[in-house]
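A quick write-up on the structure given underneath.
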Amino acid sequence: MRMFGTKQIAATAIFVLLLILLNMAAPGVRSVFFAFTLPLQRTLWQEGSDVSRFFYGVFGSKGLVEENEKLKSAVASLLHDVYDLERVRLENTELLKAFSLRKEQSLRLLPVMPVGKELSRDVLFLDQGQAAGVRSGMIVVTASQEAVGLITEATSHGSKVRLISDKDFVTDVSLQDLGITAVLRGEGNFRLLLDLVPRDKTLEPGDLVFTSNLGNVFSPGLLIGKVVTKERGDEGSFQKASVAPLSDVSKTSVLFVVLTLP
Amino acid sequence: MMRTFLFFLMVGSVFLQVSFFPAFAFMRSIPALLPLMVLLVVLHTNRFSTTFAAAALAGFFADAFSSHFFGFWMIIAVCIVVLGHWFLTSYGRLPIFRKA
């Protein structure tokens, strides 16, 4: 069979020309495309979340009882903490009044809905863009204010958030239990690796990882996830560990863009 | 009819990959549906021009949802078609995909 005749060569030339033109107008084409397909993406994302929750309920029912017990004990423990913290908050308010200090503002958040994920990277598409005040570099968090990623691109109709787990995403983090700063690397497919933890510090599964302000990327003190397992066979002065985010971003139906920091 | 069906199938697979399947991440990874669909279509039909056009269209849609340059997924999809077609015409057709 003669696969590459005159027609095929002409078609290839047109194809290459089309690609060049598309790349010249890529942001505009992507923006229009995104705006047109947004309702379909929104519906599919919502349906995907619902269906996956249904299957998780069916196939994950075995672990649900155990998880429920763990959560009950965690809630009981947290209720004690809430009581203590409420007392501290009242004391703090009184002290702020006494010293006439400005009360700390809370984050100003914009609710956004993820509508899609890039094929080969940990980048999510959001349904709000510049029209709603979203700008490149803004922080994206979950409902419980866990850091998720950064806005990398914002068009008038939508935006893209690069997740912390995206490959080669690097940020400095703090482990408040150990009182140290380390580096968190994205490994792709929602995986995170904690690196440059001094070997003399005892890293335990369950240690919480927070954002740090050393790199001036994130607002400090936002929760990212918890240490799951220490990497075996580490050598040198530092140790590594895998970190799991506390909430599953791929199944969530709402995220928040931090419009202004306190 | 067949051509329209293929176009819808390929474009639909891109939308499913982008917006539906991320919720079904197994072992924290989502299988790439687009190359798989292109391969299945190549194995199913021997109409080179139809599969080529359907793959290029699906690649275009995938590129629209990608941070890579325009053409990244188009080239991958088209390469799968060309290589798959070449393999099947040179070395034979899999009997399980042969039409009755």
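The values are calculated or read from the model by the stated rules, or taken from the named source; none is laboratory data. Predicted model, so just to flag it, every value in this text is computed and none were measured. Because the Cβ atoms are built from the backbone with ideal geometry, glycine has one as well, and the counts that use them run over all protein chains shown. With ligands, DNA and RNA removed, areas are computed over all heavy atoms of the protein, side chains included. Shrake-Rupley method; radii C 1.70, N 1.55, O 1.52, S 1.80 Å.
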Which fully enclosed strands (runs of 3 or more DSSP E) of the stretch A:101-180 have 1 or more residues being among the basic types (Lys, Arg), open to solvent by 60 Å² or more (accessible area, probe 1.4 Å) and in contact (Cβ under 8 Å) with a residue 40 or more places away in the chain?
A:108-112
Out of all the residues in the stretch A:54-70, is one or more surrounded by 13 or more Cβ atoms within 10 Å (Cβ to Cβ) and at pLDDT below 85?
yes
Can you confirm whether the stretch A:5-18 contains a residue that is within 27 Å of A:Ala147 (Cα to Cα) and either in contact with a helix residue (DSSP H, G or I) (Cβ under 9 Å, 6 or more places away or on another chain) or away from chain B (no Cβ under 13 Å) (or both)?
no
Within the stretch B:79-89, the residues that are open to solvent by 60 Å² or more (accessible area, probe 1.4 Å), at pLDDT below 90 and more than 9 Å from chain A (Cβ to nearest Cβ) are B:Phe87
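Name every residue in the stretch B:49-78 that is among the aromatic types (Phe, Trp, Tyr) and open to solvent by 40 Å² or more (accessible area, probe 1.4 Å), in order of residue number.
Passing the criteria: B:Phe52, B:Phe60, B:Phe69, B:Phe72.
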What about A:Ser52, is it part of a helix (DSSP H, G or I) and more than 9 Å from chain B (Cβ to nearest Cβ)?
no
For residues that are within 10 Å of chain B (Cβ to nearest Cβ) and under 24 Å from the mean Cα position of the chain (by Cα), tally how many sit in the stretch A:19-30.
1
Among the residues that make up the stretch B:21-38, is at least one of them modelled with pLDDT of 85 or more and either under 22 Å from A:Gln8 (Cα atoms) or not in a helix (DSSP H, G or I) (or both)?
yes
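With modelled with pLDDT of 85 or more and open to solvent by 70 Å² or more (accessible area, probe 1.4 Å) as the only criterion, which of A:Glu204, A:Glu235, A:Glu231, A:Glu187 stands out?
Details: A:Glu204 fails: modelled with pLDDT of 85 or more; A:Glu235 fails: modelled with pLDDT of 85 or more; A:Glu231 fails: modelled with pLDDT of 85 or more.
Just one listed residue meets the conditions, A:Glu187.
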Considering the stretch B:49-78 alone, what residues qualify as being at the interface with chain A (Cβ under 8 Å from one of its Cβ atoms), touching a residue at least 24 places away in the same chain (Cβ under 8 Å) and among the small types (Gly, Ala, Ser)?
B:Ala62
So B:Leu9 ticks every box in (1) closer than 23 Å to A:Val115 by Cβ; (2) surrounded by 16 or more Cβ atoms within 10 Å (Cβ to Cβ) but one. Which box is left unticked?
(2)
Output the number of residues of the stretch A:34-53 satisfying the condition of being buried (at least 17 other Cβ atoms within 10 Å of the Cβ) and either farther than 18 Å from A:Val254 by Cα or hydroxyl-bearing (Ser, Thr, Tyr) (or both).
4
Those residues that are in contact (Cβ under 8 Å) with a residue 24 or more places away in the chain and either within 14 Å of another protein chain (Cβ to nearest Cβ) or in a loop (DSSP other than H, G, I, E, B) (or both), I need them from the stretch A:181-200; list them, please.
A:Gly186, A:Gly188, A:Asn189, A:Phe190, A:Arg191, A:Leu192, A:Leu193, A:Arg199
I'd like to check something: does the stretch A:49-66 contain any residue that is among the small types (Gly, Ala, Ser), out of contact with any Leu (no Cβ under 7 Å at 6 or more places or on another chain) and at positive phi?
no
So, in the stretch B:22-40, how many residues would count as being more than 7 Å from chain A (Cβ to nearest Cβ) and open to solvent by 10 Å² or more (accessible area, probe 1.4 Å)?
10
